[in-house]
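Asker: I have a structure here, written as C-alpha cells, and I will follow up with some questions on it.
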Amino acid sequence: AVESGEIDWQTGVGDAAAASPTYYEGKLYVAVEHATPSGSVVVMDAESGEIEERDRRPTDHPHSTVAIDLDRDRFLFGSNDGYCYAWSLSDRERAWRYDTGGDSKAPIAISRGIAVVPSWAETVTAVDVEDGSRIWEFETDDMVMCAPAVRDDTVYVGSHDGNCYAIDLATGEEQWSTPTNGWITGSAVATNDHVLVGSYDANLYALDREDGSVSWTVEGRGDVTSAPLVTDDAIYYAERAPEESEEAGMCYKLVAV
C-alpha cells in the first residue's frame, strides 16, 4: 500500500522479474526470467496478484518492460535471445517475433504503429507493430541498451559508443549525434525542448532537441543509469554507486537557478 508501505500481496512468478510490470485495465503484464535460461510473460490480476496466464515463448532471459499499442491490439517486449516478441492484447495470442541479432534488453518505444527496438547487435530497429516486419535499421558503433524516447516523429536513444542519437522515426535517417564520455544506458527522456540522458561519465546531459548541442550537464558520483523524472518544478534522477569506492550512489533533485 502506498500509504503504509505494507505488502498487499506477493506472487512468485519465476527466478527473476527484472522488468517493470505494465498495467492495463486491472491487469499486470510482466516479462519473467527463468534460470534454465528461459523466459515467460505472465498476465496477473493487479488487485490480487493471481497469475491468470503464462506464455513461455521467450527462450532466454527477458528484462525488457512490456510495451502496449492499443490501436493495433498488441503487447510486446524484447529478450536476451535477440527477439522482439508480440502478442495480441485482446486474446493474448502470439502474433509475431522479430530477430534483432543481439540481446534486446531495454524497453521498447512505440509510436504511430512503429516499435523502436534497441539491440546488442549495435542497432536500433523500427518494426511494424502489427505484423513484425522491419521498416528500417539504424547502426551504431556499439551495443544499444538504452530505452528510446520518441517525440514529434523523432527517436532519441543512447548507445555504448557514448553517443546520443536523434533518428527520423519514418525513415531511420540520423538527424544528429552528440558524444558523451561514457556508455549511455538507462532511458532517454524527451521534453518540449531537450533530451535528457545519463552517461557512465557520471553526468546527466540536457541536449537541445533541434541540433543535439549540450544545454547543460550535472556531474554526480557514479554512472547515471536511471530514467530522469521531469516534473513542473524539478528533475529527479539516480546513479549507481561509484565502482571501487565506499561512497553510496545518490538520488538527485535538480531545480532551476
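The values are calculated or read from the model by the stated rules, or taken from the named source; none is laboratory data. From a predicted model like this one, the values you see are computed outputs, not experimental measurements. Heads up: the accessible areas ignore ligands, DNA and RNA and are worked out on the full protein's heavy atoms, side chains in. Shrake-Rupley method; radii C 1.70, N 1.55, O 1.52, S 1.80 Å.
Asker: Relative contact order of the range 116-257, please, whole-number percent, based on alpha carbon pairs below 8 angstrom and at least 6 residues apart. Write out the running numbers ahead of the final one.
Answerer: Numbers: 387 pairs, mean separation 18.8, N = 142.
Over the range 116-257, the number comes to 13 percent.
Asker: With the contact rule set at Cα under 8 Å and sequence spacing of 6 or more, what percent relative contact order holds for the chain?
Answerer: Relative contact order comes out at 8 percent.
Asker: Next question. Per residue, how many Å² of accessible area does the chain show with a 1.4 Å probe?
Answerer: Values: 12320 Å² over 257 residues.
Spelled out: the 1.4 Å probe surface of the chain, per residue, equals 48 Å².
Asker: Per residue of the range 201-217, what does 6.51 cos²θ - 1.76 cosθ + 1.60 with θ = phi - 60° give for ³J(HN,Hα)? Whole Hz please, x for Gly and Pro, Karplus curve as stated.
Answerer: Result, ordered by residue: 8, 6, 10, 9, 10, 10, 10, 5, 5, 6, 10, x, 5, 7, 7, 6, 9 Hz.
Asker: Relative to 2.2 N^0.38 Å, what does the C-alpha radius of gyration of the chain come to as a ratio? Two decimals please.
Answerer: Values: Rg = 18.4 Å, N = 257, 2.2 N^0.38 = 18.1 Å.
That works out to 1.01 for the chain.
Asker: Whole-Å semi-axes of the range 1-115's equivalent ellipsoid, largest first, each the root of 5 times a Cα gyration tensor eigenvalue?
Answerer: 23, 17, 13
Asker: Show me, bin by bin at 5 Å from 0, the whole-percent P(r) of the range 51-97 based on Cα pairs.
Answerer: Computed distribution, short to long bins: 5, 22, 32, 26, 12, 2.
Asker: Taking amide H positions as placed in the peptide plane 1.01 Å from N, state which residues far from Arg57 in sequence (5 or more) or on other chains have amide H under 5 Å from it.
Answerer: Answer set, sorted by chain and number: Val41.
Asker: Can you tell me what the convex hull of the Cα atoms of the range 99-219 projects to on average, as an area in nm²?
Answerer: Details: hull surface 25.5 nm².
If you wrap the Cα atoms of the range 99-219 in a convex hull and average its projections, you get 6.4 nm².
Asker: For the range 52-155, what is the convex hull volume of its Cα atoms per residue in Å³? Before the final figure, lay out the partial values.
Answerer: Numbers: hull volume 9.3 nm³, N = 104.
Taking only Cα atoms, the range 52-155 has a hull volume of 90 Å³ per residue.
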